[in-house]
Structures are given as C-alpha cells and as structure tokens.
C-alpha cells in the first residue's frame with residue numbers, strides 16, 4: 001500500500017509568539033499539501049474498474065495539479081474542465097497549469113464546467129468535485145489529525161489550537177471532526193456563509209464545524225492586494241518559511257488580527273500550493289506593486 005511518512009512539525013517564533021508549523025508542503029516531492037490529504041483515499045484504495053479521473057476548477061488550481069499527479073501514479077487518464085484559459089497562459093504555460101500538462105492532463109474550456117464534465121462520465125470514470133469537496137477526503141485528513149495528536153503529545157504543546165485558511169473548508173471540517181482541540185479557519189473564496197454551506201453539503205453534525213474567524217476588511221478571492229503581499233513577505237522573513245500566495249496571505253492576516261485574543265498555542269497548517277507562486281509572482285510584477 002502507498003502511504004506517507006508523517007510531515008514535519010516544527011517550532012517557530014513570529015511577532016514574539018511561539019507557533020508551530022505542520023509542514024504538509026514537505027509531505028511528498030510530487031504529491032503534497034492539503035490536496036494530497038484529500039485525495040489520499042483515491043491513491044491507496046483499490047479501484048480496478050477506474051480508467052479515468054475527471055474534475056473542474058480554475059486554470060491554476062492546486063487540485064488540478066495534484067489530480068494530474070494522482071492520475072499519473074495510478075495510470076489513469078485525467079480530464080479537466082475550466083472556464084477559460086488566457087491566450088498568454090496557453091502560449092507561456094507556468095505553475096500548476098504547466099506541470100499538470102506535463103503529467104498528461106487533457107484540459108477543456110467551458111462556461112458550464114459541470115455540464116461539460118457529464119460527457120466524460122461513465123462506469124470507468126472517477127468524478128472528483130472541485131477542490132476535493134467530498135466525503136472521501138475524510139480518510140486522508142483523519143490521518144493528518146492522528147499525526148497532529150502525536151506531534152502535540154511528543155512536543156508537549158500546551159493548550160494547542162490549529163489554524164488554517166479555507167477554500168471549500170473540507171480540510172478544516174474533517175480536522176475538527178477528528179481532533180480533540182479547537183480548529184480555527186477563515187474564508188478565502190467566499191464568505192462565512194459560503195463555508196457553512198460547503199460543510200452542510202458533506203457533514204450534517206454541526207457540532208464538528210470549525211470556528212470561523214473574520215477579518216476586519218473583506219478581500220476578493222484571487223485579487224492582488226499589496227498589504228497581503230507585505231504580510232506574506234513578513235512571515236517569510238521572520239520564520240524562514242515560504243507559504244502560498246493565494247490562500248496563506250489572507251490566512252496570516254486573519255491569524256495576526258486574532259493572535260492576541262486566542263488562548264493557547266497556535267499551530268499553523270502549511271497546506272502547500274507553492275507551485276502556484278510562480279504565476280502569482282508574475283501577476284504581482286505585472287501590476288508593478290511588488291517591492
């Protein structure tokens with residue numbers, strides 16, 4: 001059976017606060033981060049009838065790249081549908097898009113992604129929902145929760161709590177379901193109501209929902225903000241660890257705003273996604289707002 005070694009758990013200091021990092025970005029050379037946890041069941045379970053995996057999302061999605069790795073490891077065809085691929089990206093592939101193509105991804109454009117996917121669905125096809133928002137994600141995330149319990153015990157972390165920014169919120173949900181301590185998260189794609197709707201679609205027990213932290217300002221997903229880039233640089237400088245540029249800048253902004261009010265020792269889950277930084281840095285450079 002394919003499996004992972006537990007990811008690194010390390011102590012850092014940030015703005016005079018002791019903080020621990022769970023380094024899922026270092027989980028595996030090719031298959032890391034929260035998508036590796038979400039897709040773990042698809043990697044280790046026996047699927048003798050499956051020949052193809054299909055999914056949809058954005059053209060620089062972390063899930064897209066991780067599914068391309070999964071399909072390559074399993075010997076499956078990978079079909080992906082996105083809304084639009086800019087001409088510049090087609091001519092100059094970078095980031096998750098480029099690597100997924102290298103892994104054999106077949107990509108299609110459609111304004112009705114889920115409808116377009118239906119043409120590829122049959123008894124030999126595995127349909128993975130956008131971002132891995134489905135019950136099967138629980139198996140790999142539960143394994144991560146077990147690791148965290150062991151990490152906390154081994155390092156004698158007092159009154160721990162976990163923080164991670166959320167897209168669909170799937171990882172945060174299943175972590176809270178399987179952890180004995182508090183899980184905090186923030187919405188990055190939509191608002192708090194969006195996160196709760198995602199949770200309700202896969203888990204009826206509201207008592208296992210994570211606690212959502214709000215930021216003082218609303219940020220639009222995917223938009224470039226100089227102040228968030230500055231937060232990203234500050235975290236990198238103070239901790240020596242590079243985080244992703246889509247979810248983590250807002251995650252850190254929210255955590256910093258609440259750090260003085262939350263009781264206990266924070267653990268920040270590094271969910272990977274660094275491959276996408278190439279395209280994000282180019283976007284910041286083109287906007288001429290990167291220092």
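The values are calculated or read from the model by the stated rules, or taken from the named source; none is laboratory data. Note that the structure is predicted; figures quoted are calculated from it, not measured. Cβ sites come from the backbone with ideal geometry, for glycine too, and all protein chains shown count toward neighbours.
Some observations on this one:
- Subset of segment 13-25 that is over 13 Å from the mean Cα position of the chain (by Cα) and buried (at least 16 other Cβ atoms within 10 Å of the Cβ) - its residue that is farthest from residue 160 (Cα to Cα): 14
- Test: residue in segment 94-102 that is surrounded by 21 or more Cβ atoms within 10 Å (Cβ to Cβ), in the same structural domain as residue 259 (by TED's automatic domain parsing), closer than 23 Å to residue 38 by Cβ and touching a strand residue (DSSP E or B) at 6+ places or on another chain (Cβ under 9 Å): no
- Test: residue 118 is over 23 Å from residue 274 (Cβ atoms) and surrounded by fewer than 21 Cβ atoms within 10 Å (Cβ to Cβ): yes
- Just so you know, in segment 229-249 the residues that are farther than 16 Å from residue 13 by Cα and surrounded by fewer than 21 Cβ atoms within 10 Å (Cβ to Cβ) include one that is nearest to the chain's Cα centre (by Cα), and it is 229.
- Matching residues in segment 1-27 - criterion: being part of a loop (DSSP other than H, G, I, E, B) and touching a helix residue (DSSP H, G or I) at 6+ places or on another chain (Cβ under 6 Å): 1, 2, 6, 7, 27
- Complete set of residues in segment 231-251 that are in a helix (DSSP H, G or I) and without any contact (Cβ under 8 Å) to a residue 60 or more places away in the chain: 231, 232, 233, 234, 236, 237, 249
- Single condition residue 206 does not satisfy, out of (1) in contact with a helix residue (DSSP H, G or I) (Cβ under 9 Å, 6 or more places away or on another chain); (2) touching a residue at least 24 places away in the same chain (Cβ under 8 Å); (3) closer than 30 Å to residue 136 by Cβ; (4) surrounded by fewer than 22 Cβ atoms within 10 Å (Cβ to Cβ): (2)
- One residue from 116, 98, 36 being within 21 Å of the chain's Cα centre (by Cα), assigned to a helix (DSSP H, G or I) and touching a residue at least 60 places away in the same chain (Cβ under 8 Å): 36
- Counting only helices (runs of 4 or more DSSP H) that sit wholly inside segment 124-202, those with at least 3 residues that are within 29 Å of residue 18 (Cβ to Cβ) and either over 15 Å from the mean Cα position of the chain (by Cα) or at pLDDT 95 or above (or both) are 137-154, 170-178.
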